[in-house]
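Shown next, in structure tokens, is the structure this report addresses.
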Amino acid sequence: MINYKTRKYTISKGLDDYFTGIHKAYIFTALFFKEAFKRPFHLREVINQCFEVGLKSLALISLTGFIVGIVFTKQSRPSLEDFGATSWLPSLIGIAIIKALGPLVTALICAGKVGSSIGAELGSMRVTEQIDAMEVSAINPFKYLVVTRVMATTIAIPVLALYCSFVALYGSYINVHAEETVSIISFYQNAFKTINFLDITTAVFKTIVYGFTIGIVGCYKGYNATQGTRGVGKAANQAVVLAMFLIFVEEVMIVQVSNWMRYF
Amino acid sequence: MKNLKQHIINTEESVITITGLYKSFDDLQVLKGIDFNLFKGENIAVLGKSGTGKSVLIKIIVGLLKPDHGEVLVLGKHVDQLKTKELDALRLRIGFSFQNSALYDSMNVFQNLAFPLTMNIKNLSKGEVKDAVEEVLESVGLKDKLKQMPSDLSGGQRKRIGIARTLILKPEIMLYDEPTSGLDPVTSAEINELINEVQQEYNTSSVIITHDLTCAKNTGNRIALMFDGKFLKVGTFAEVFDTDDEQVKGFFNYNFIQ
């Protein structure tokens, strides 16, 4: 007979932790939506965070986007050459970069750079009692720290993704231009020829979802950090790993839904 | 040091009243029935070994932790029954000085001090904020550190800035969590003096959590000695330590005060 008074876990420690973790994350996300639409809005802090997320990632995004454009073009050229279809290169690159690579590369870089930074910063604030200090000063730390950061990533990452796609296309153009004589206007026209409104909308929607995911995961892990400095490292690491995992899951789901919508 | 006897303590008016307070974390029972009174204008030093629940007690007073059982009445309000807005209003009347100061790393001293002020009082002009910050910095003797980052300050200076940050909202109650821990004897003495000055200048009532007997003796009008989640003795320094109780004597002897 099981003694329920001394029984510590409902199923097992691992499974209990897993399900309570999901419940906590759900409560955390619900609290974000509850607080996001209430005053005060801390607009100045949102702008500061947009600067932190956006401007400080710009150099990395530029370089990565440029390289992705060049490498993808170089890799695709031989296959198209076999069929004598190199003139389709701009269209192929356009589809690949605008619909998939631009948003995904930006999201993965930001998950690493921004997600870990948010996780570490909030984690460090938690373990050094700075979050408690805000709370005892009658300041809502969730609203000031979490809502502003999640809003900033949700706003800044779509902008970064659009910029990344533009730079990647430019990188691709440089490579195409080296082989064939083609003007930049003609290249961009061809690149966008097969892209429709649904593709652009899906790409922007995707990046909004990625931005939100990176922000909320980084904040959740950092805000709930425990165990001192070890916990800070753990929070930063988990913020990156979980955000990347969720980004891939979301990518699959959004692509599937957008494909269904295409046939309606 | 200023003479504590000059300070008027109103023993008719209690600002904090705690009865039958229990608190546990999972299987660990930390507080096991605390009864406690803090009078207006009084400094009470809560002494005890590490891990006896001293910090938990003040975190319950300020509403950072919820009690399992018992009544916590602060400035006439039941802390555990307040709604968020009411709790925030009460917290504006309480200052909390953290053990590690908890200064905001990303802000300089001026921003650290101005932050609680500008977030809680709207429509303050830049001049008013600057005056308020300079006033509290002067009262903790660090007016020249306005532009410094917390990482550039010494342990004692960080403690002072931490105290100044709470004073800027003119609290009625001050809660000090280990104000002298990690400090050298000279700096500890300065912090003790500052606690007494705060009591007199700002007319605060204070709970000082410490395991430093010198700090308790110099700052507390009364001492509450905590052992194993309960108060073993409460009274003046002489009343508490004039005893043959082995636990009390052990604590006294360890601190080498004769």
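Cβ-Cβ below 7 Å, separation at least six or inter-chain, first residue in segment B:157-173 and without any contact (Cβ under 8 Å) to a residue 40 or more places away in the chain, second aromatic (F, W, Y) and part of a loop (DSSP other than H, G, I, E, B): which pairs?
Within 7 Å, the pairs are B:K170/B:Y202.
For the structure I just gave you, tell me whether A:I157 is modelled with pLDDT under 95, away from chain B (no Cβ under 12 Å), farther than 23 Å from A:R230 by Cβ and crowded, with 24+ Cβ neighbours inside 10 Å.
no
Could you grab me the full set of residues in segment A:121-148 that are more than 8 Å from every other protein chain (Cβ to nearest Cβ) and among the β-branched types (V, I, T)?
A:V127, A:I131, A:V146, A:V147, A:T148
Please tell me if A:S165 is touching a residue at least 60 places away in the same chain (Cβ under 8 Å), within 14 Å of chain B (Cβ to nearest Cβ) and touching a Gly at 6+ places or on another chain (Cβ under 8 Å).
Here the answer is no, as A:S165 does not meet what is asked.
Among the residues of segment B:125-141, are any surrounded by 14 or more Cβ atoms within 10 Å (Cβ to Cβ), within 14 Å of chain A (Cβ to nearest Cβ), not aliphatic (A, V, I, L, M) and not in a loop (DSSP other than H, G, I, E, B)?
No, segment B:125-141 contains no residue that is surrounded by 14 or more Cβ atoms within 10 Å (Cβ to Cβ), within 14 Å of chain A (Cβ to nearest Cβ), not aliphatic (A, V, I, L, M) and not in a loop (DSSP other than H, G, I, E, B).
So, in segment A:30-61, how many residues would count as being within 16 Å of the chain's Cα centre (by Cα) and either of a type in the set (S, T, N, Q) or outside any helix (DSSP H, G or I) (or both)?
Looking only at that region, the number is 2.
Any idea how many residues of segment A:82-94 are exposed (fewer than 12 other Cβ atoms within 10 Å of the Cβ) and in a helix (DSSP H, G or I)?
2
In segment B:210-229, which residues are among the small types (G, A, S) and either surrounded by fewer than 20 Cβ atoms within 10 Å (Cβ to Cβ) or touching a Gly at 6+ places or on another chain (Cβ under 6 Å) (or both)?
B:G229 - this is the single residue of segment B:210-229 that is among the small types (G, A, S) and either surrounded by fewer than 20 Cβ atoms within 10 Å (Cβ to Cβ) or touching a Gly at 6+ places or on another chain (Cβ under 6 Å) (or both).
In segment B:80-125, what residues are farther than 13 Å from B:I161 by Cα and acidic (D, E)?
Within segment B:80-125, B:D80, B:E86, B:D88 qualify.
Tally the residues that are assigned to a loop (DSSP other than H, G, I, E, B) and free of Cβ contacts under 8 Å to residues at least 40 places away in the same chain, restricting the search to segment B:17-56.
Total satisfying the criteria: 3.
What do you reckon, is B:K122 more than 8 Å from chain A (Cβ to nearest Cβ) and either in contact with a Cys (Cβ under 6 Å, 6 or more places away or on another chain) or at pLDDT below 90 (or both)?
The answer is yes for B:K122.
Within segment B:56-73, can one find any residue that is under 23 Å from B:E201 (Cβ atoms) and modelled with pLDDT under 90?
Checking segment B:56-73: not a single residue is under 23 Å from B:E201 (Cβ atoms) and modelled with pLDDT under 90.
Of the residues B:L117, B:L87, which single one is within 14 Å of another protein chain (Cβ to nearest Cβ), at pLDDT 90 or above, surrounded by fewer than 23 Cβ atoms within 10 Å (Cβ to Cβ) and out of contact with any Gly (no Cβ under 7 Å at 6 or more places or on another chain)?
Checking each option against the conditions leaves just B:L117.
Is it the case that B:S181 is closer than 30 Å to B:P67 by Cα and polar (S, T, N, Q)?
In short, yes.
If I filter segment A:142-157 for residues that are touching a Phe, Trp or Tyr at 6+ places or on another chain (Cβ under 8 Å) and under 22 Å from A:F72 (Cβ atoms), do I get at least one hit?
Yes, the conditions are met somewhere in segment A:142-157.
Do we find that A:A178 is aliphatic (A, V, I, L, M), crowded, with 16+ Cβ neighbours inside 10 Å and either over 30 Å from B:L167 (Cβ atoms) or free of Cβ contacts under 8 Å to residues at least 24 places away in the same chain (or both) in this structure?
Against the criterion (aliphatic (A, V, I, L, M), crowded, with 16+ Cβ neighbours inside 10 Å and either over 30 Å from B:L167 (Cβ atoms) or free of Cβ contacts under 8 Å to residues at least 24 places away in the same chain (or both)), A:A178 does not qualify.
Would you point out which residue out of B:N100, B:N112 is out of contact with any strand residue (DSSP E or B) (no Cβ under 8 Å at 6 or more places or on another chain), outside any helix (DSSP H, G or I), closer than 23 Å to A:N140 by Cβ and within 14 Å of chain A (Cβ to nearest Cβ)?
Of the residues listed, the single one that is out of contact with any strand residue (DSSP E or B) (no Cβ under 8 Å at 6 or more places or on another chain), outside any helix (DSSP H, G or I), closer than 23 Å to A:N140 by Cβ and within 14 Å of chain A (Cβ to nearest Cβ) is B:N100.
With (1) loosely packed, with under 14 Cβ neighbours inside 10 Å; (2) without any contact (Cβ under 8 Å) to a residue 12 or more places away in the chain as the list, and A:P40 as the residue in question, which single condition is left unmet?
Every listed condition holds for A:P40 apart from (2).
The values are calculated or read from the model by the stated rules, or taken from the named source; none is laboratory data. The model shown is predicted, which means the values in this text are computed figures rather than measured ones. Neighbour counts are summed over all protein chains in view; Cβ atoms, including those assigned to glycine, are modelled from backbone coordinates with ideal geometry.
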